[in-house]
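The values are calculated or read from the model by the stated rules, or taken from the named source; none is laboratory data. Note that the coordinates shown come from a computational prediction; the quantities given were computed from them, not determined experimentally. Positions of Cβ are backbone-derived with ideal geometry, glycine not excepted, and every protein chain shown enters the neighbour counts.
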Amino acid sequence: MAVGKKTAAGHAGSGNAGPKGSAFPAYQGQEEFFMKRSEINAALKEMEQMIREYRFAIPPFCNFTPEEWKEKGHDYDEIRDNMLGWDITDYGLGDFDKVGFSLITIRNGNLKMKDKYTKTYAEKLLYIKEGQYSPMHFHWSKMEDIINRGGGNVLIRVYNSTKDEDLDKVNDVHVHVDGREMVVPAGTQVRLTPGESISIYPYMYHDFEVEEGSGPVLLGEVSQCNDDNVDNRFYEKMGRFPKIEEDEAPYRLLCNEYPEAK
């Protein structure tokens, strides 16, 4: 793990809320675009290959076909209700290779259905490739640990939030990295090599990108209950789930696409 003012490999930059020192102005104020189903299918297969490469076994429901989902009864309601499974997003910006993320929610509770689902925790697997960026955001409720499970090095830029939910570009940020407490300047990119992790607290702005030349990264997330419908505060306005153009049949269904139980 490395942090600092340097921008050379093995260190970290600071001070901006976007990739390569910008706030991705090309995406500001744009209409919401459609993501092609063929792009989603390709992203799923690419993440599957990375998972196989690092020998991470995923739950059987991640391999269900759309046809198999049509036959699943109420015994699979936990998957439906808690949005377990695949999650491919371009944040509605229409440029997945530059701004996007591939994820699997492996387990999760449900804050709206606490009596039925009593888990207080969640787990995800995430995949991000070189040149891709996951935008600056925080969670109002969720605390999470992000773990580099294998591949290249991930850079996570951190800021505190102001009272009006803007970026606090003045005050230092307290971070916890594998049991080590550190204080870093606002906008620092914390660099995680495989095996390293960082704790992300509520109201802590953070984004993700891959250190150039290090290769794609497989990440783990261990957190409190996750609700991606209501608990993401993006610094710049964008969507969380993509609108989809059906240019080919789905390879797998996404976590918000399951049919109702028979």
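Looking only at the stretch 125-160, filter to residues that are free of Cβ contacts under 8 Å to residues at least 60 places away in the same chain and over 30 Å from residue 45 (Cα atoms); which one of those is surrounded by the most Cβ atoms within 10 Å (Cβ to Cβ)? Among them, the one singled out is 158.
Within the option set 257, 245, being over 19 Å from residue 106 (Cα atoms) and either out of contact with any helix residue (DSSP H, G or I) (no Cβ under 6 Å at 6 or more places or on another chain) or basic (Lys, Arg) (or both) holds for one residue only, 245. Taking the criterion of being among the charged types (D, E, K, R) and touching a strand residue (DSSP E or B) at 6+ places or on another chain (Cβ under 9 Å), the residues of the stretch 173-211 that qualify are 178, 181, 191, 196, 207, 209, 211. In the set 43, 26, 8, which member is at negative phi, at pLDDT below 95 and either surrounded by 13 or more Cβ atoms within 10 Å (Cβ to Cβ) or not in a loop (DSSP other than H, G, I, E, B) (or both)? Of 43, 26, 8, the one residue that is at negative phi, at pLDDT below 95 and either surrounded by 13 or more Cβ atoms within 10 Å (Cβ to Cβ) or not in a loop (DSSP other than H, G, I, E, B) (or both) is 26. Would the stretch 111-120 turn up any residue that is modelled with pLDDT of 95 or more, in contact with a Cys (Cβ under 8 Å, 6 or more places away or on another chain) and under 26 Å from residue 156 (Cα atoms)? Checked against the condition, which is being modelled with pLDDT of 95 or more, in contact with a Cys (Cβ under 8 Å, 6 or more places away or on another chain) and under 26 Å from residue 156 (Cα atoms), the stretch 111-120 yields at least one hit.
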